[in-house]
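Below: one structure, written as structure tokens.
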């Protein structure tokens, strides 16, 4: 009998949380699965951790050189066999009934191509600092509504580790685009404008933030945009105010290398290679990679001409 689910786990230098991630899969209440782990030429102890398991449901593959996330994911999916594909991540853990609930839901929704689950955020010590909020979306979402929700609010799923897919859907639309990259160091250009009393920001690697606001509004007290607002010990204010009048377009050039950030606003240097503090795990290094997020607090604002370049 073939397995119901293929769990696909790409690994690259994931030694810190990898064992917890694998263990959480093997202890699921639903045990009918194949588990494919594919190491993308790790240089830490990830391969040794993977090799320490002898569970017959695990199949292990290795790349001779680093191919990147999406090429590796496509290799795993191509070598899997289950009608359902659960995407997984080296730094996440499943609650014990995760697979059971996802497959049970899909069994009642024959037209659904995929499903996703809620998730808690926890720190490096395993302590939950942000429980999953209630999901306000309908139980099933039409593709047009899903596109509209994601246009205004970002990805419904949060990240790929929350997703389970039907293989038939991937057969129809194709695998992951291999020209997409995950990069921790980058240069970004973006145009933005706000209205009176506007307040926004740009998260870097999921971390707040390069500040955008109305300098004349009370919270700003005359301080311009571009500062690393949530820094406490590290500098948080911009060197100078370089904002254009409210309602006019501004341009950020943001460069991130390691934990350090440089910001130009309208051609003026406002942050000069300063560390961005880890807001969610204070005192600890930033994540090596993470999303760039365009934030808002309910105020109307605009972004356009967004360019991101990987720095190697």
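Per-residue answers, yes or no, for (1) within 18 Å of the chain's Cα centre (by Cα); (2) more than 30 Å from residue 125 (Cβ to Cβ):
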position	(1), (2)
231	no, no
242	no, yes
253	no, yes
286	yes, no
300	no, yes
303	no, yes
308	yes, yes
Residues that are without any contact (Cβ under 8 Å) to a residue 60 or more places away in the chain and within 22 Å of the chain's Cα centre (by Cα), drawn from segment 263-276: 275
Those residues of segment 18-39 which are crowded, with 16+ Cβ neighbours inside 10 Å and touching a residue at least 60 places away in the same chain (Cβ under 8 Å), in sequence order: 18, 21, 24, 25, 28, 30, 33
Selection from segment 1-29 of residues that are in a loop (DSSP other than H, G, I, E, B) and out of contact with any strand residue (DSSP E or B) (no Cβ under 8 Å at 6 or more places or on another chain): 1, 2, 13, 14, 15, 16, 17, 27, 28, 29
Scan of segment 93-127 for residues that are closer than 18 Å to residue 28 by Cα, part of a loop (DSSP other than H, G, I, E, B) and touching a helix residue (DSSP H, G or I) at 6+ places or on another chain (Cβ under 7 Å), ordered by number: 93, 94, 117, 119
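From the list 210, 255, pick out the single residue that is in contact (Cβ under 8 Å) with a residue 24 or more places away in the chain, within 18 Å of residue 302 (Cβ to Cβ), in contact with a strand residue (DSSP E or B) (Cβ under 7 Å, 6 or more places away or on another chain) and not in a loop (DSSP other than H, G, I, E, B). Even if it seems obvious, please write down each step before you answer.
Numbers: 255 fails: within 18 Å of residue 302 (Cβ to Cβ).
Going through 210, 255 in turn, just one is in contact (Cβ under 8 Å) with a residue 24 or more places away in the chain, within 18 Å of residue 302 (Cβ to Cβ), in contact with a strand residue (DSSP E or B) (Cβ under 7 Å, 6 or more places away or on another chain) and not in a loop (DSSP other than H, G, I, E, B): 210.
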Residue match in segment 117-126 (condition: more than 30 Å from residue 210 (Cβ to Cβ) and more than 19 Å from the chain's Cα centre (by Cα)): no
For residue 178: the one exception among (1) outside the structural domain of residue 24 (by TED's automatic domain parsing); (2) crowded, with 17+ Cβ neighbours inside 10 Å; (3) over 15 Å from the mean Cα position of the chain (by Cα): (2)
When residues of segment 61-82 are limited to those that are outside any loop (DSSP other than H, G, I, E, B) and within 24 Å of residue 103 (Cα to Cα), the one farthest from the chain's Cα centre (by Cα): 78
Output for segment 268-302, where each listed residue is in contact with a strand residue (DSSP E or B) (Cβ under 6 Å, 6 or more places away or on another chain), buried (at least 16 other Cβ atoms within 10 Å of the Cβ), modelled with pLDDT of 90 or more and closer than 15 Å to residue 201 by Cβ: 270, 271, 276
Criterion violated by residue 78 - all others in (1) under 21 Å from residue 165 (Cβ atoms); (2) surrounded by fewer than 19 Cβ atoms within 10 Å (Cβ to Cβ); (3) in contact with a strand residue (DSSP E or B) (Cβ under 9 Å, 6 or more places away or on another chain); (4) at pLDDT 95 or above satisfied: (3)
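Does residue 223 qualify as being out of contact with any helix residue (DSSP H, G or I) (no Cβ under 7 Å at 6 or more places or on another chain) and outside any loop (DSSP other than H, G, I, E, B)?
Details: out of contact with any helix residue (DSSP H, G or I) (no Cβ under 7 Å at 6 or more places or on another chain): yes; outside any loop (DSSP other than H, G, I, E, B): no.
Taking the combined requirement at face value, the residue does not satisfy it.
Quick one: which of 150, 114 is in the same structural domain as residue 23 (by TED's automatic domain parsing) and either touching a residue at least 60 places away in the same chain (Cβ under 8 Å) or farther than 22 Å from residue 306 by Cβ (or both)?
On the way: 150 fails: either touching a residue at least 60 places away in the same chain (Cβ under 8 Å) or farther than 22 Å from residue 306 by Cβ (or both).
Answer to the check: 114.
The values are calculated or read from the model by the stated rules, or taken from the named source; none is laboratory data. Just so it is clear, the structure is predicted and the values come from calculations on it, not from any experiment. Glycine gets a Cβ as well: all are built from the backbone with ideal geometry, and neighbour counts include every protein chain shown.
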